[in-house]
Amino acid sequence: MKIWIIVALSILLGACGSQSNYTLTSPDGALVLTLTQTSDGTAVYEVSLRGQPVLQPSPLGITLNSAEFTRELTVSAVGEPSLVKEHYTMVQGKQRAIDYQAQEQRFAVSNADGQSLQVVFRVSNDGVALQYSFTGEQTTQVSMVDELTGFAMPEGTKAWLQPVALAQTGYKNTNPSYEEHYQMGIDAGTASPTEAGWVFPALFKAPAAWVLITEAGMDGRFHGSRLRQHSDKGVYRIGQPMQPEVTIGGARLANAPGELHSPWRVITVGDLATVTESTLGTDLADAAVQDMDWVEPGIASWSWALLKDDSVNFATSKEFVDYAAAMGWNYTLIDADWDQKIGWQKLAELVDYAAEKGVGILVWYNSSGAWNETIYTPKSALLTQADREREFSRLAEVGVKGVKIDFFPGDGQSVMAYYLELARDAAKHRLLLNYHGSSLPRGLHRTYPNLMTMESVHGFEMITFMQNSADLAASHMAMLPFTRNVFDPMDFTPTTFDEIPNIERRTSNGFELALPVLFTSGIQHIAETPAGMAKVPEYVKAYMSDIPTLWDETRLLSGMPGEHAVMARRRGTDWFIAGINGTDTEQTLTLDLSFITASKGQLITDGETNRSFTKRQVAGGKTLDITLRPRGGFVLNF
């Protein structure tokens, strides 16, 4: 029997019984992190913006199995603050070229055995990040037991949070997969309706600033974290995945031989535009493992969104290839059971047919072994490296461009490792990836540029299943640009102009038209069918045929989570502006377009009915008043 030594870590920043303070300031001097040893010897940190409190004194600490960190600790090193600067480029998302800089300071704390824990803090102009790092004997397996890190919200803070679904619930036991609706504008400290807690990113409005909390920098050795169910007195603490959230025989919590590094705990701070435009989620992710110049983002046609299982056949797939080609889109996705309903031989024929039209084929796989009860195939075909080598090499030989992989089991360490293993092995065969029924990307698309998107959202398919989801769709989608989609690509699979079978659609056509620009995804899967697209005006089809998935610049022009969102995105010298009204009442917005140098642009919005369009010219370089009907929207292109 193994006997584990379980201890809580309390970081001491000076002699016992005394108090020591350290401050670290953002490059622009506005954001300040203060690290304090309290009189009882524990450590807390707090964050202020221009002198106003954003986070109250918040706890720090971890619990490990392999090293005993008690109160008998010595601060063995306090590093000098240093400026971290980095320039990198992305192949998808809201900003192509990114310059990151932050002040960094490292603290080393040693125990009586000479073992050392390093705590690293970074403060940038748009947020604070912290990371734990422990190194021991290489023969010792280091594993996480608990993390004490907390985020203490000031009195009067409001929260916009998504509950975590309980593991092994939902369709065929496929939860959790980040597919719940948000609770909006609740009082900080409100308990999650599930014991599993709240997902990242978690959004708060403190009296002094907006705060968006998440994590980034997953190396496969750590589990995916969340916020705990209870947050007494507004103190939110890091939580853990539930017991079943693992691959078969896999580990739930972080573990590694000899050393362990936590992901960065990311706290984005500022006004709503600063938080929404921030790139901290990729700034703090690991750099790309290699240059993947073959990766091509784009738009995809997809039959299953509205036509479901019966659409997975050769004839319909060929029709959707023709549709993608006519629209100038890059890809067509063939969904579940293609191996049975189409087969490898006809798939190869379809790939060749699509290639002649300049369209790449993507195919679906079931990620799972026995961790859920799904029956869709190909299933259990990617579980081992040998499995992946067999499947991926065959797909590459046929000419398939990418793989959609579904039904992951949650946030356990073994699942996080599985994501990286899939991305690594797919990259060897130049295959793009799309994870569904999945956890949050956490910046993984920077590390593996072939990762195009992840679902991790209550997306369009849920609207096609349940009228309640359709009823809540407008406010839900007006929430996502401020939470789920801030840092990471999101495969919401947006946009339908025609009717949804057996569901009454509540959003207008203008609303639906705005979504492919408002939402970012390396591959944007469009839900509308060829028949539905044939019913819209030619100017709408022309707009839909030229929507980028990689932007040079992003600006939030107006917004309130769950109520409305207006985003401007630039590609080269062209600006695309998209806005939606998530409420049931008419809204009039005044947009500042002074940054637009073009003299004229085209506005497309709702016509006389929710199922029609109208267009007109507008002037750049000035303000624009626009009235949005309930659950309506618009696009504006300069």
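For the subset of segment 60-86 comprising residues that are buried (at least 19 other Cβ atoms within 10 Å of the Cβ) and in a strand (DSSP E or B), which member is modelled with the lowest pLDDT?
Ile62
Counting just the residues of segment 96-122 that are in contact with a Leu (Cβ under 9 Å, 6 or more places away or on another chain) and not in a strand (DSSP E or B), which one comes out surrounded by the most Cβ atoms within 10 Å (Cβ to Cβ)? Break it down into steps so the answer makes sense when it comes.
Looking only at segment 96-122, we keep the residues that are in contact with a Leu (Cβ under 9 Å, 6 or more places away or on another chain), and these are 96, 100-105, 107-112, 117, 119-122.
Okay, now just the ones that are also not in a strand (DSSP E or B), so 96, 111-112.
On the way: Arg96: 16, Asn111: 19, Ala112: 11.
Within segment 96-122, the match that is surrounded by the most Cβ atoms within 10 Å (Cβ to Cβ) is Asn111.
Does Pro57 satisfy the criteria of being modelled with pLDDT of 80 or more, closer than 17 Å to Phe121 by Cα and not in a strand (DSSP E or B)? Let's see the steps before the verdict.
On the way: modelled with pLDDT of 80 or more: yes; closer than 17 Å to Phe121 by Cα: yes; not in a strand (DSSP E or B): no.
Spelling it out, it is not the case that Pro57 is modelled with pLDDT of 80 or more, closer than 17 Å to Phe121 by Cα and not in a strand (DSSP E or B).
Return the pair list, or none, for Cβ contacts closer than 8 Å from residues in segment 519-532 that are in contact (Cβ under 8 Å) with a residue 40 or more places away in the chain to residues that are part of a loop (DSSP other than H, G, I, E, B) and acidic (Asp, Glu), at least 6 apart or on different chains.
Listed pairs, sorted by first residue: Ser521/Asp491; Ile523/Asp491; His525/Asp491; Glu528/Asp498; Thr529/Asp498; Gly532/Asp498.
At least 1 residues that are within 30 Å of the chain's Cα centre (by Cα) and more than 21 Å from Lys94 (Cβ to Cβ) in each: list the strands (runs of 3 or more DSSP E) lying fully within segment 574-627 that qualify.
Details: elements: 574-581, 587-592, 600-606, 613-619.
So the answer is 574-581, 587-592, 600-606.
Report yes if Ala514 is surrounded by 21 or more Cβ atoms within 10 Å (Cβ to Cβ), part of a helix (DSSP H, G or I), small (Gly, Ala, Ser) and modelled with pLDDT of 95 or more, otherwise no.
Values: surrounded by 21 or more Cβ atoms within 10 Å (Cβ to Cβ): yes; part of a helix (DSSP H, G or I): yes; small (Gly, Ala, Ser): yes; modelled with pLDDT of 95 or more: yes.
Taking the combined requirement at face value, the residue satisfies it.
When the residues of segment 133-147 are filtered to those that are in a strand (DSSP E or B) and in contact with a Gly (Cβ under 9 Å, 6 or more places away or on another chain), which remaining residue is surrounded by the most Cβ atoms within 10 Å (Cβ to Cβ)?
Our first condition is that a residue be in a strand (DSSP E or B); within segment 133-147, this holds for 133-135, 141-147.
From what's left, in contact with a Gly (Cβ under 9 Å, 6 or more places away or on another chain): 135, 141-142, 146-147.
Working: Thr135: 15, Gln141: 14, Val142: 21, Asp146: 16, Glu147: 24.
My answer is Glu147.
Can we say Lys428 is of a type in the set (Lys, Arg), crowded, with 24+ Cβ neighbours inside 10 Å and either in contact with a Gly (Cβ under 6 Å, 6 or more places away or on another chain) or over 21 Å from Ala254 (Cβ atoms) (or both)?
no
Could you list, in sequence order, the residues of segment 441-472 that are among the hydrophobic types (A, V, I, L, M, F, W, C), buried (at least 24 other Cβ atoms within 10 Å of the Cβ) and in a helix (DSSP H, G or I)?
Within segment 441-472, the first condition is being among the hydrophobic types (A, V, I, L, M, F, W, C), and the residues that meet it are 444, 451-452, 454, 457, 460, 462-463, 465-466, 470, 472.
Adding the requirement that they be buried (at least 24 other Cβ atoms within 10 Å of the Cβ) leaves 444, 451-452, 454, 457, 460, 463.
Selection gives Leu444, Phe460, Ile463.
Look at Ala188 and say whether it is farther than 16 Å from Leu284 by Cα, buried (at least 19 other Cβ atoms within 10 Å of the Cβ) and either out of contact with any Leu (no Cβ under 7 Å at 6 or more places or on another chain) or at pLDDT below 95 (or both).
yes
Show the residue pairs meeting these rules: Cβ distance below 6 Å; 6+ apart or different chains; first residue within segment 284-295 and at negative phi and in contact (Cβ under 8 Å) with a residue 12 or more places away in the chain; second residue surrounded by fewer than 17 Cβ atoms within 10 Å (Cβ to Cβ) and assigned to a loop (DSSP other than H, G, I, E, B).
As it stands, the answer is Trp294/Arg430, since those pairs meet every condition given.
Filter segment 517-540 down to the residues that are within 15 Å of Val321 (Cα to Cα), part of a helix (DSSP H, G or I) and in contact with a helix residue (DSSP H, G or I) (Cβ under 9 Å, 6 or more places away or on another chain) and list them by number.
Of everything in segment 517-540, those that are within 15 Å of Val321 (Cα to Cα), part of a helix (DSSP H, G or I) and in contact with a helix residue (DSSP H, G or I) (Cβ under 9 Å, 6 or more places away or on another chain) turn out to be Pro530, Met533.
Is it true that some residue in segment 178-199 is touching a Ser or Thr at 6+ places or on another chain (Cβ under 6 Å) and in a strand (DSSP E or B)? Steps first, answer last, please.
Let us first name the residues in segment 178-199 that are touching a Ser or Thr at 6+ places or on another chain (Cβ under 6 Å), namely 178, 188-189, 198.
Keeping just the survivors that are in a strand (DSSP E or B) gives 198.
Checking segment 178-199: at least one residue is touching a Ser or Thr at 6+ places or on another chain (Cβ under 6 Å) and in a strand (DSSP E or B).
Would you confirm whether or not segment 388-406 contains a residue that is assigned to a helix (DSSP H, G or I), among the hydrophobic types (A, V, I, L, M, F, W, C) and without any contact (Cβ under 8 Å) to a residue 12 or more places away in the chain? It would help to see each step written out before you state the result.
Of the residues in segment 388-406, the ones assigned to a helix (DSSP H, G or I) are 388-398.
Add one more test, that the residue is among the hydrophobic types (A, V, I, L, M, F, W, C), and what stays is 392, 395-396, 398.
Add one more test, that the residue is without any contact (Cβ under 8 Å) to a residue 12 or more places away in the chain, and what stays is none.
Checking segment 388-406: not a single residue is assigned to a helix (DSSP H, G or I), among the hydrophobic types (A, V, I, L, M, F, W, C) and without any contact (Cβ under 8 Å) to a residue 12 or more places away in the chain.
The values are calculated or read from the model by the stated rules, or taken from the named source; none is laboratory data. For clarity, every value in this text was computed on a predicted model and none was experimentally measured. Cβ: placed from backbone, ideal geometry, glycine included. Neighbour counts: every protein chain shown.
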